[in-house]
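First up is the structure itself, then whatever we jot down about it.
The values are calculated or read from the model by the stated rules, or taken from the named source; none is laboratory data. This is a predicted model, so every value here is computed, not measured. All Cβ positions, glycine included, derive from the backbone under ideal geometry; neighbour counts span all protein chains shown. What goes into the accessible areas is simple: the full protein's heavy atoms, side chains included, and nothing from ligands, DNA or RNA. Shrake-Rupley method; radii C 1.70, N 1.55, O 1.52, S 1.80 Å.
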Amino acid sequence: MAVPKGKVSKSRRDKRAANWKISAPNLVECPQCHELKASHQVCPKCGYYDKKQVVVENGKKADK
């Protein structure tokens, strides 16, 4: 049998959105220059990724 919906108070309604928090990014230490960087990303300081230089100092890609 159908039951009518009850009133949801403002407090109860607003509690649903209370736990939508943004999390801090996970930072790891670069093995080359030991600066903090985002994991699985090229290091913005030295341009290394996976022990290989991917970006040269002036911002261009390194030759393979």
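Computed quantities for the displayed model
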{"item": "Average accessible surface area per residue within the chain, 1.4 Å rolling probe, Å²", "result": "102"}
{"item": "Per-residue SASA entry for Glu29, accessible area with 1.4 Å probe, Å² rounded to 10", "result": "110"}
{"item": "Share of carbon and sulfur in the accessible heavy-atom surface of the chain [1.4 Å probe, %]", "result": "53"}
{"item": "Where Cα atoms sit under 17 Å apart: lysine pairs in the chain separated by 8 or more or lying on different chains", "result": "11"}
{"item": "For the chain, with +1 on Lys and Arg beta carbons and -1 on Asp and Glu, the positive-most of Pro25, Ser9, Val42 along the dipole", "result": "Ser9"}
